[in-house]
Structure formats: structure tokens, C-alpha cells
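The values are calculated or read from the model by the stated rules, or taken from the named source; none is laboratory data. Keep in mind it's a predicted model, so treat the numbers as computed, not measured. Because the Cβ atoms are built from the backbone with ideal geometry, glycine has one as well, and the counts that use them run over all protein chains shown.
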Amino acid sequence: MSIFRNIFRSKSNKEKEEIKNDERGKYMPQVKLPIDESFTINFKSNGGKFLYSENLDEVYENLNAIIKENKWEEQPVYFYDKNLKDRFKNATLTFADYPKDATFFFTTCENLIADDGSLLISSNQIAEKKLPEFPNNFIVFATTSQIVTNIGEGLRQIKTKNKQKLPTNITTIKHFKNVEEKDFLSYGSASKNLYLLLLEDL
């Protein structure tokens, strides 16, 4: 059973688990979370918003909810990935030819990184462009099987999947909210208003 189904259990069950963890001595080793739960916690702490779906019908419903919530019904969307565009061709979307003309960017990613809650992307998603060249609003479609522990594991998967030609422009998106300038650790990073449509495929 997916950990995401467990995450959405009743609050009382979660509270019981927290009490159990609190009973552990302070010198006991920390309980290692499953990678999908670790990703969820870190992704949300970075300011990301995710909608979990058990099937494609729920993905379409969640996409419509995002568009409605942000009043993007008449706003243009940019797709770089033609396969993704074909998959969502029946959705009521207005397409932009260039990123600069779009209100939001709809894309996939290479992997979801559990250790820091970031998204690993490459030229497969953004060509050779830099993140600031894209709209501030991102909707990312990914599956639970794309969650990996760390960037090293993600890079190994990219290498395995693309033996003929490795993608270039590999980078991560980590900040999903406006970061104050005083936070020097995130200086120069592109902050995006990001929604993750996460489909269960395990």
C-alpha cells in the first residue's frame, strides 16, 4: 500500500504515531522515514503544493481545480513536452507558442528528490533555457515511481534511461515560494509557484 494513502489517514492515527516517536529516548537513532513521506515533508516545507491522485481521472480533476482556483481558464499555458501536451489535449487549455507568452508552464520532471524536496529537471523538460525564462507558475506532472532518495540516484537514473544521448541543462527546482533576499543560501535561485500533480503508479 502506498505511503500516500497512509498520509491521508485520520488525524488521530497520526497523533498516535507522533506520541510513539516522542517516547523514544533522545539518544536513540532517528526513525528513517520512507522516501515518499520524506519527499512530501520536504517538498511542502519548500513551499510546494501537491495533489495526490490514484488514477488519471483524478489527475484531470485536480488539474481543473488548480486552473479554477487561480482563474487560469482563459490564460495561456506553455508545453515543451509534446507527449505531455498530447496526454492533456482534451483538457480545456489555451496554448502559448513561447514561454514568455504563457501564464503557466505545464511540464514533467526527471525525478522527485526525497532528501531536500526538490525536482530534478533537464533539457527534456526545458530545452536549453534557464528557469527565469519560464512563467512564474509551474504545474508538474509526475508519478510516485519517480521519487528517489537523493540527486546522485536521480542522475544515475537519467544516465540509465538515456544511454544513447544524455540530456543537458540538468538542474533542480527547490524554492516554491518567494524567498526573502536576506536568505543568502537561496540567493540567485529561481523561485516558482509550483503545483505537483502526483500520480500513484506503484
**Complete:** Of those in the stretch 97-126 that are touching a Phe, Trp or Tyr at 6+ places or on another chain (Cβ under 6 Å) and among the small types (Gly, Ala, Ser), the residue surrounded by the most Cβ atoms within 10 Å (Cβ to Cβ) is 114
**Pair list, Cβ under 8 Å, 6 or more apart: the stretch 39-52 residue polar (S, T, N, Q), other residue crowded, with 17+ Cβ neighbours inside 10 Å and modelled with pLDDT under 95** = 40/4; 40/50; 46/174; 46/175; 46/176
**Complete:** Among helices (runs of 4 or more DSSP H) completely within the stretch 1-81, the ones holding 2 or more residues that are at pLDDT 65 or above, more than 21 Å from residue 148 (Cβ to Cβ) and of a type outside the set (Asp, Glu) are 56-70
**Request:** Check 102, 127, 91 and return the single one that is of a type in the set (Gly, Ala, Ser), more than 30 Å from residue 165 (Cβ to Cβ) and more than 15 Å from the chain's Cα centre (by Cα).
**Result:** 91
**Item:** Some residue of the stretch 100-108 being in contact with a helix residue (DSSP H, G or I) (Cβ under 7 Å, 6 or more places away or on another chain), aromatic (Phe, Trp, Tyr) and assigned to a strand (DSSP E or B)
**Value:** yes
